[in-house]
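Novice: Below: one structure in structure tokens.
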Amino acid sequence: MTEARQKVEGKRQTETASEAETAAAGEALGRHLRAGDVVLLYGDLGAGKTAFVRGMARGIGANPDEVTSPTFTIVQEYAGPSATLYHVDLYRLEGPEIDDLGLEDLVSGDGIVAIEWAERWKGRPDDVTEVWIEDAGEDRRRIRVNGLPQAWL
Ligand code: ADP
Ligand code: MG
């Protein structure tokens with residue numbers, strides 16, 4: 001995976017061939033995240049966003065076994081030694097419901113926030129790391145990251 005990483009149009013890109021590799025990419029990013037960081041994730045259902053966030057949790061030192069899909073709970077928390085990861089999934093929500101979640105407070109707090117289906121949140125901030133995951137055939141996924149900590153690559 002490491003060899004495949006490259007800079008493309010200002011974004012960093014990698015390809016993975018399994019869910020475990022996608023989680024490992026998330027873990028690599030997670031190791032560089034700090035309290036207050038916000039990560040917005042984009043990609044179709046089944047792209048691997050939740051797998052990536054599960055890896056992020058491991059990267060911040062949280063127990064990955066406590067990371068599950070937040071599809072039914074909206075926000076899940078995973079406590080690491082120096083920061084808590086808040087994992088938000090907007091998949092089933094409409095505009096007014098999203099407005100009522102208090103995401104502004106969450107992203108201006110001192111946790112690390114990861115948001116799946118972030119495009120549904122019209123008020124999302126600019127100073128964020130963005131992750132796009134797309135199908136690249138069979139079990140392959142192309143992951144592009146923008147605005148991430150320099151050390152990720
Ligand atoms: P999302 O949160 O984007 O809807 P999930 O992470 O919940 O996606 O699910 C991704 C699905 O795709 C899982 O069933 C996983 O096993 C499968 N998969 C196959 N190849 C990959 C890959 N390279 N990376 C991530 N997931 C993969
Ligand atoms: Mg998901």
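The values are calculated or read from the model by the stated rules, or taken from the named source; none is laboratory data. Please read all numbers here as calculations on a predicted model, not as lab measurements. When we count neighbours, we look across all protein chains shown, and the Cβ atoms used for this are built from the backbone with ideal geometry, even at glycine. Only protein heavy atoms, including side chains, enter the accessible area calculation; ligands, DNA and RNA are left aside. Shrake-Rupley method; radii C 1.70, N 1.55, O 1.52, S 1.80 Å.
Novice: Over region 72-153, what is the mean sequence separation of C-alpha contacts under 8 Å (at least six apart), divided by residue count, expressed as relative contact order in percent?
Specialist: Once divided by the residue count of region 72-153, the mean separation gives 22 percent.
Novice: Right, here's the next one. Given a 1.4 Å probe, how much area per residue of region 88-153 is accessible, in Å²?
Specialist: Computed with neighbouring chains in place, this is 55 Å² per residue.
Novice: Find which of GLY137, ALA118, ALA79 sits farthest along the positive direction of the dipole of region 72-153, computed with +1 on the beta-carbon of Lys and Arg, -1 on that of Asp and Glu, about the Cα centre.
Specialist: Checked the options; the winner is GLY137.
Novice: Quick one: with all protein chains in place, what share of the accessible area of region 16-136 is carbon or sulfur, to the nearest percent (1.4 Å probe)?
Specialist: 44 percent
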